[in-house]
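To start, the structure under review is shown below, and the notes come after it.
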Amino acid sequence: MEKLPFERPFIKKVSTGLPAKFGSKKRIEVIPDIEGIPVSHLMADYGSPLFVLSESTIRKTIREARSAFSTRYPKVQFAWSYKTNYLDAVCRIFHQEGSWAEVVSAFEYEKAILNGVPGTRIIFNGPEKSPSILEKAIMNNSLIHIDHFDELYALMELSRKLERKPRVAIRINLDAGIYPQWDRFGFNFENGEAWEAINRILLSGLFDLAGLHTHIGTYITTPSAYRTATAKLASLMVEIQHKYNHTIGYIDVGGGFASKNTLRGSYLQGYDAAPSFDEYADAITSALINSQIKPEHLPLLILETGRALVDDAGSLLTTVSANKRLSNGHRAVIIDAGVNLLFTAFWYDHNVAPTTMNTDNTEETTIYGPLCMNIDVIRPAVILPPVKKGDHLVIQRVGAYNMTQWLQFISMRPSVVLIDINNKPHIIRKAETVETIRQQEQIPEHLQ
């Protein structure tokens, strides 16, 4: 009798449907289509992997956010955060919806100009601004948010040289009860540095001090922190009015609102942990209307919300390349999209869904990308049904940062498709080819 080959034993976790910390067993969500277009059709037409954005979701979300604030406060202006997703088509949707542009580099500033945004509606943040781009921003009458004293002194020189008064605000870092406190950017409130910067600006006579700005952090799930931050900016505005009889035109509370993605290690799912726009609006507008600012001097409230406005609109469609068992018997799946495309996989447990499901049997699975690197892990553990080579998966809420932080590393970056409000798909960024990469290279003559 022929000896049977040895098969190493392993322990398999069985999903029995008993209650866990999140309740009873949940059926796996199946996502067969995006805005009515089958996932299989999108991938057949545009390749795999593929980023897909929903214009309807973007417009619905920005309108919901604007309504939450404008029903509570008389003067509200959103500014689209270019670093969150600076694909031109995405930016133009937000601009059509009335958003200004908020940029943090010369590259983003130029992109905003090319997207038709008037200079007066560009907010220029960031710790590094060259003299040449500052000069352009001054001549365009843009709002320049000063980050540090060296930038302040550079602007003083440019003001004298150009004989123009730059429209400026100062960025302020402060203790809003968030740990860790962001103090890398701007002037500190508690130690008096922000007040000193304000005094130098107003005493110089070289600037139009138009606003005050803070950005307390990222993925902030505590709306009361915004109440604290806004109250501190309001107190500064009152002091400026009292000492200089100068009225600040706007208060900019930055971004940082949480999306519905789930942070790694979080006990609660993202859709439970993330506050609503109404909760953020209550906290921020209450601090303004209950401050000592006189009603006739109420400032314009500017919000630079990015992540919470676009995350839900993005999906990454991907194909299963292989199944395998790890040495401990744990099931693993390899897909054709890696962390070079999905940078947010390092801090989110993204929702991953199959496009079809023929069984209720599920198993805890690790999802790896295709990169030849051990850190290429899309999900360390997710409950999935059996999937085979060639099956499609949909990774949700990837609209923020992935299309700006992605890398051409080992594999090339894929196409991005926008599905418009009439459910028609459009390529808004073509997939890279070898020639896309090589056209920037030059070969020395001796290597020809």
*Which residues, counting only those in region 66-89, are in contact with a strand residue (DSSP E or B) (Cβ under 7 Å, 6 or more places away or on another chain) and farther than 24 Å from MET412 by Cβ?*
ARG66, PHE69, SER70, TYR73, LYS75, VAL76, GLN77, PHE78, ALA79, TRP80, SER81
*asked:* For the condition under 30 Å from PRO414 (Cα atoms) and outside any loop (DSSP other than H, G, I, E, B), what is the one hit in SER321, SER286?
replied: SER321
*Which residue out of ILE138, ILE93, ILE62 is crowded, with 20+ Cβ neighbours inside 10 Å, of a type outside the set (Lys, Arg), closer than 24 Å to ARG160 by Cβ and modelled with pLDDT of 95 or more?*
ILE138
*Hey, could you check region 289-312 for residues that are assigned to a helix (DSSP H, G or I) and in contact with a Lys or Arg (Cβ under 6 Å, 6 or more places away or on another chain) and say which is farthest from ALA234 (Cα to Cα)?*
ASP312
*From the list THR222, THR214, pick out the single residue that is without any contact (Cβ under 8 Å) to a residue 60 or more places away in the chain, over 19 Å from ILE240 (Cα atoms), assigned by TED's automatic domain parsing to the domain that holds ALA273 and crowded, with 17+ Cβ neighbours inside 10 Å.*
THR222
*Which pairs do you get when a residue that is at positive phi, found in region 123-148, comes within reach of a residue that is assigned to a helix (DSSP H, G or I), reach meaning Cβ atoms under 6 angstrom, with the pair 6+ apart or on two chains?*
ASN141/GLY119; ASN141/THR120
*Among (1) small (Gly, Ala, Ser); (2) surrounded by 19 or more Cβ atoms within 10 Å (Cβ to Cβ); (3) part of a strand (DSSP E or B), where does ALA332 come up short?*
(2)
*Provide a single number: the residues in region 90-116 that are assigned to a helix (DSSP H, G or I) and farther than 20 Å from ALA65 by Cα.*
9
*Residue by residue through region 378-428, note down the ones that are part of a loop (DSSP other than H, G, I, E, B) and aromatic (Phe, Trp, Tyr).*
TYR401, TRP406
*Does region 226-234 include one or more residues that are more than 30 Å from GLY205 (Cα to Cα), of a type outside the set (Asp, Glu) and in contact with a strand residue (DSSP E or B) (Cβ under 8 Å, 6 or more places away or on another chain)?*
yes
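Per-residue answers, yes or no, for (1) in contact with a Gly (Cβ under 9 Å, 6 or more places away or on another chain); (2) under 21 Å from CYS372 (Cα atoms); (3) loosely packed, with under 15 Cβ neighbours inside 10 Å:
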| residue | (1), (2), (3) |
| --- | --- |
| GLY399 | yes, no, no |
| MET403 | yes, no, no |
| GLN408 | no, yes, yes |
| ARG413 | no, yes, no |
| ASN423 | yes, no, yes |
| GLU435 | no, no, yes |
| ARG438 | no, no, yes |
| ILE443 | no, no, yes |
| HIS446 | no, no, yes |
*Would you please name the residue that is nearest to the chain's Cα centre (by Cα), looking only at residues in region 357-377 that are in a loop (DSSP other than H, G, I, E, B) and within 13 Å of VAL320 (Cβ to Cβ)?*
GLY369
*Close pairs from region 164-190: first surrounded by fewer than 21 Cβ atoms within 10 Å (Cβ to Cβ), partner of a type in the set (Lys, Arg), Cβ under 8 Å, at least 6 apart*: PHE185/ARG171
*Between a first residue in region 66-80 that is assigned by TED's automatic domain parsing to the domain that holds PHE257 and a second residue that is modelled with pLDDT of 95 or more and aromatic (Phe, Trp, Tyr), which pairs have beta carbons less than 6 Å apart while being 6 or more apart in sequence or on different chains?*
ALA68/PHE277; VAL76/PHE69; ALA79/TRP100; TRP80/PHE94
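Would you pick out the residues in region 343-355 that are within 11 Å of LEU317 (Cα to Cα) and either crowded, with 23+ Cβ neighbours inside 10 Å or of a type in the set (Val, Ile, Thr) (or both)?
Hits for region 343-355 are VAL352, THR355.
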_Just checking: which of the helices (runs of 4 or more DSSP H) contained wholly in region 172-276 hold 2 or more residues that are at pLDDT 95 or above?_
193-204, 223-244
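A quick yes/no check of all residues on (1) at pLDDT below 95; (2) farther than 29 Å from ALA68 by Cα; (3) hydrophobic (A, V, I, L, M, F, W, C); (4) touching a helix residue (DSSP H, G or I) at 6+ places or on another chain (Cβ under 9 Å):
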| residue | (1), (2), (3), (4) |
| --- | --- |
| LEU301 | no, no, yes, yes |
| GLY314 | no, no, no, yes |
| ASN328 | yes, yes, no, no |
| LEU342 | no, yes, yes, yes |
| PHE346 | no, yes, yes, no |
| ALA353 | no, yes, yes, no |
| THR362 | yes, yes, no, no |
| ILE378 | no, yes, yes, yes |
*Which of the residues belonging to region 235-277 are loosely packed, with under 15 Cβ neighbours inside 10 Å, touching a residue at least 12 places away in the same chain (Cβ under 8 Å) and among the charged types (D, E, K, R)?*
GLU239, ARG264
*Among what's in region 359-376 and is hydrophobic (A, V, I, L, M, F, W, C) and out of contact with any strand residue (DSSP E or B) (no Cβ under 6 Å at 6 or more places or on another chain), pick the residue that is surrounded by the most Cβ atoms within 10 Å (Cβ to Cβ).*
LEU371
*Specify which of the listed residues (GLY255, GLY177) is among the small types (Gly, Ala, Ser) and farther than 25 Å from ILE133 by Cα.*
GLY177
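The values are calculated or read from the model by the stated rules, or taken from the named source; none is laboratory data. Small disclaimer: the values here were computed from a predicted structure and weren't measured. Note: ideal-geometry Cβ built from the backbone for every residue, glycine included; neighbour counts use all protein chains shown.
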